[in-house]
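What follows draws every value from the coordinates through simple rules; no lab data is involved. Keep in mind that this is a model prediction, so the values were computed, not measured. When we count neighbours, we look across all protein chains shown, and the Cβ atoms used for this are built from the backbone with ideal geometry, even at glycine.
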Amino acid sequence: MGIIGGEPGYRLLRRFNRAKASAYCDGSAYAGKSKIEVLLGNRIWDELADKVVVDFGCGTGEDSIEIAQRSAKRVIGLDIRQSALDHAKQLAIEAGVSEKCHFTTSTEEKADVILSVDAFEHFGDPAAVLKQMRHLVKDDGQVIAAFGPTWYHPLGGHLFSIFPWSHLVFTEKALIRWRSDFKSDGATRFEEVEGGLNQMTIRRFEKLVVESDFRFERLETIPIRRLEVLANRLTREFTTAIVRCKLVPRSS
């Protein structure tokens, strides 16, 4: 993937202010708003009411805490980063919901609902994640997910989206080399950067679900507002802002 690479690609990238690389996905779009409600709509609170909810990839727990405050019976925040979980626990105490929120790296408790927000484009092995989710959800439960931007979105490169589709214009090696000028974690591939970036497309996500133990009960591709007039089945990879869906276990 990518057209411009090598030394010319790197030198062109160096002309861009690296501050632009942090301007997207910095959370500012949700300032003063409920991120969960923006991504999933206000009906989500009815779907989570009095349910045991697993917040899969909970990070520092802000979403888990809001779910507990709003409607859920119990929330289990899952993440692989212990430092994030420790912070989440403290936030839950401060919010007065520590008895309803449990943060951990693993659990055997079955959930009524697994919630996944802004994560499927980051998982290193999304097929394995779906398998793990099936193990964690009740037979009559569901997975509610929302994520984006996907790979062919104008800003689908996240950190690497210094202008629309720049992650498709430059090669991976050139982009990683440019990133190494201001990041020192030693990443050599997109999937190795902080948070990971698995180049998820809508088509790939559909295929992963078809091959999993889930089926789609609902799948929505929400178009980019400015490109809504161009959005259709043929253009959706390039015009979709958010993918959201409800998955339910397949019948035995």
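For the range 63-74, backbone phi angles converted through the Karplus equation (6.51, -1.76, 1.60; θ = phi - 60°) give residue-by-residue couplings of 5, 4, 5, 5, 4, 5, 5, 7, 7, 5, 6, 7 Hz, Gly and Pro being listed as x.
Among 182-191, 33-42, 94-103, what's the highest-first ranking by average C-beta atoms within 10 angstrom per residue? Display every interim value, and only then the final one.
Details: 182-191: 12.3, 33-42: 15.8, 94-103: 17.3.
For the peptides 182-191, 33-42, 94-103, the packing ranking is 94-103, 33-42, 182-191.
By the gyration tensor of its Cα atoms, with a ≥ b ≥ c the square roots of the eigenvalues, what is the shape of the range 112-252: rounded for a/c under 1.5, prolate for a/b over b/c, or oblate? Note, shape of the range 112-252 comes out oblate.
Place a +1 charge on the Cβ of each Lys and Arg in the range 149-230 and a -1 charge on the Cβ of each Asp and Glu, then give the dipole magnitude about the Cα centre in debye, rounded to the nearest 20.
Rounded to the nearest 20 debye, it is 280 debye.
Per residue, the Cα convex hull of the range 102-153 amounts to 94 Å³. Computed 3J(HN,Hα) for the range 120-135, one whole-Hz value per residue from the Karplus formula 6.51 cos²θ - 1.76 cosθ + 1.60 where θ = phi - 60°, is 5, 7, 10, 4, x, 9, x, 5, 5, 5, 4, 5, 5, 4, 5, 5, glycine and proline marked x. The length gained by stretching the chain between Ser83 and Arg225 to full extension, at 0.36 nm per residue less their Cα-Cα distance, is 47.5 nm. Computed about the Cα centre, the dipole magnitude for the chain is approximately 880 debye when only Lys and Arg (+1) and Asp and Glu (-1) carry charge, each at its Cβ. Taking amide H positions as modeled 1.01 Å from N, with prolines and chain starts lacking one, the residues under 5 Å from Gly77 and 5 or more places away or on another chain are Asp55, His102, Phe103, Thr104. For Thr171, the amide hydrogen comes within under 5 Å of the amide hydrogens of Ile3, Ile4, Gly5, counting only partners 5 or more places away or on other chains and with H modelled in the peptide plane.
Hey, can you grab everything whose amide H is under 5 Å from the amide H of Thr201? Only 5+ residues off in sequence or another chain; H modelled, so Pro and N-termini drop out. Amide H neighbours of Thr201, under 5 Å, 5+ apart: Trp151.
Whole-Hz Karplus values for the range 92-101 come out as 5, 4, 5, 7, x, 10, 4, 6, 9, 10 Hz, taken residue by residue from phi with 6.51 cos²θ - 1.76 cosθ + 1.60 and θ = phi - 60°; glycine and proline positions read x. With a simple spin-label model that places each label point 7 Å from the Cα along the Cα-to-Cβ direction, the separation between Glu7 and Asp213 comes to 5.5 nm.
If the convex hull of the alpha-carbon atoms of the chain is projected onto planes in all directions, what is the mean projected area in square nanometres? Intermediate results must be reported in sequence, preceding the final value.
On the way: hull surface 57.2 nm².
Projected over every direction and averaged, the Cα hull of the chain covers 14.3 nm².
With a 10 Å cut-off between alpha carbons and a GNM built on the chain, which of Arg134, Arg74, Arg233 moves the most? Maximum fluctuation in the GNM of the chain, among the listed residues, is at Arg233. Is the range 37-114 best put as rounded, prolate or oblate by its Cα gyration tensor, with a ≥ b ≥ c the root eigenvalues, rounded for a/c under 1.5, and otherwise prolate when a/b is larger than b/c, oblate when not? It comes out prolate by the Cα gyration axes.
Under a Cβ-only charge scheme (Lys and Arg +1, Asp and Glu -1), can you give me the dipole magnitude of the range 34-107 about the Cα centre, in debye to the nearest 20? It would help to have the intermediate numbers written out before the result.
Working: 9 positive and 12 negative charges, 27 e Å.
Charge dipole, the range 34-107, about its Cα centre: 140 debye, nearest 20.
For the peptides 139-146, 1-8, the ranking by packing is 139-146, 1-8, with the highest mean count of neighbouring Cβ atoms within 10 Å listed first.
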